[in-house]
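In what follows, a structure is listed as structure tokens, so that the remarks can point back to it.
The values are calculated or read from the model by the stated rules, or taken from the named source; none is laboratory data. Everything numeric here is computed off the predicted structure, so don't read it as measured data. Accessible surface areas use protein heavy atoms only, side chains included; no ligands, DNA or RNA. Shrake-Rupley method; radii C 1.70, N 1.55, O 1.52, S 1.80 Å.
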Amino acid sequence: MKIPNGHEIIQLFEQFAPKSLAMEGDKIGLQIGRLNKKIERVMVALDVLENVIDEAIKKDVQLIIAHHPPIFRPLKNIVTDTTQGRMIEKLLKHDIAVYAAHTNLDVAKGGVNDWLAKALGIEDSEVLVPTIDTKLTKLVVFVPASHAEQIRHVLGEAGAGFIGRYSHCSFSTDGTGRFMPEEGTNPYIGQSGALEAVDEVRIETIVPEPLLKKTLSLMIKAHPYEEVAYDVYPLENKGEVLGLGRIGKVSEMTLAEFAEKVKTNLEVERVRVVGDLTSKVKKVAVLGGDGNKYFSHAKFKGADVYVTGDIYYHTAHDAMMQGLNIIDPGHNVEKVMKKGLTVTLQNMCKEAGFEVEIFPSEENTNPFQFI
């Protein structure tokens, strides 16, 4: 096991939620501190407030990965007798880096909106607001017949070969590979200066562009040859659609019953509800954070109810006029990302052989109280 540095942890994270998924203008990435240091403890937080920073100091954290960027608007100054200035001062004094993953974590497959959908029991979910068509590449690799099955397995486990709901898809052709190892080589098959003819298999598979770098790395590591022969081609085929929010089916119940389920499963005291409490709910749309401008997408896709935060007064009126029910559990329900991302990063670090402790922040950052 290896103690990783900050760059290595973030490189892993960005395989899961690449920066390219973020909405234009979003403030993501490293915001405070440095990554060129050993990281033994990572804390996952929804917000970076002073109580969260104090928690990180107490727990000897070197890196905070947060959903909401602590620096969202440009700073004109850093005055340390203000709350924000004091927060930045504490982070720098204790050498705690802060990395923000906002809309890229919302859009990512298996990210915030999937965690919310799972918590609400939404099944057969699909993207509510498409933002990205994933680009696809065709990977072709030539491998000795003895290692063909191993390479196919490695490619499939890396995420290559997905076509719709089918995984590990590939095509193989038998052939003869010819090569002459030059002086100074250490060939797996053959001898330097002698032309070799080897029974090889040409393996073809589809790789989403965001997974290409990882897939190539794993393939080359598993391949027996000193120099791996492979080709990568861009494809015109449409890849997986990614985006904000999710929409799918739930067991039929009334709006009032579903509102109670939202309260229980998302661990909130109160929710605001727009619509007839006796109406039936079978199709649900959910979008973490402020979903005001996307309610028409929920209506267009046939949702009986739209679950999102920060609903404006006039947005509620517009939804009522269109016959769309709304449940507003607040913005803070995105706290599901603390547990979700912790588990995801723990698994990724374990697979990478990194010895690092990853845990969720225990501090409450919801600014609202109900009395």
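Things worth noting here:
- Whole-Å semi-axes of segment 268-371's equivalent ellipsoid (Cα gyration tensor): 34, 17, 11
- Cα gyration tensor category, rounded, prolate or oblate, for segment 1-104 with a/c compared to 1.5: oblate
- Segment 42-71-segment 204-239 distance, computed between alpha-carbon centres (Å): 36 Å
- Zero-based 5 Å bins, Cα pair distances in segment 103-159, whole percents: 4, 13, 18, 14, 12, 12, 11, 9, 5, 1
- Amide H contacts for LEU63 (H built 1.01 Å from N in the peptide plane; partners 5 or more residues away or on another chain; cut-off under 5 Å): ARG41, MET43, ALA97.
- All C-alpha to C-alpha distances of segment 167-248, sorted into 5 Å bins beginning at zero, yield P(r) values of 3, 10, 16, 19, 15, 12, 9, 6, 3, 2, 2, 1, 0 percent in whole numbers.
- With a threshold of 26 Å on the Cα-Cα distance, the over-threshold entries among LYS109/LYS249; LYS37/LYS109; LYS249/LYS293; LYS213/LYS249; LYS109/LYS339 are LYS37/LYS109; LYS213/LYS249.
- Two-decimal ratio, the chain, of alpha-carbon radius of gyration to 2.2 N^0.38 Å: 1.18
- Straight-line cross-link partners of LYS283 among the aspartates and glutamates, defined as a Cα under 13 Å from its Cα and at least 8 positions apart when in the same chain: GLU123, ASP124, GLU126, GLU252, ASP304.
- Value of D in µm² per second that Stokes-Einstein yields for segment 73-117, Kirkwood Rh from Cα pairs, at 4 °C (1.567 mPa s): 100 µm²/s
- Average accessible surface area per residue within segment 17-159, 1.4 Å rolling probe, Å²: 45 Å²
- In this structure the amide hydrogen of VAL305, modeled in the peptide plane, comes within under 5 Å of the amide hydrogens of LYS283, ALA285, none closer than 5 places in sequence on its chain.
- Whether segment 59-189 is rounded, prolate or oblate, judged on the alpha carbon gyration tensor where a/c under 1.5 counts as rounded: oblate
- Relative contact order of the chain, defined on C-alpha pairs under 8 angstrom at six or more residues apart (%): 20 percent
- DSSP bridge orientation in the chain - percent antiparallel, rounded to nearest 5: 70 percent
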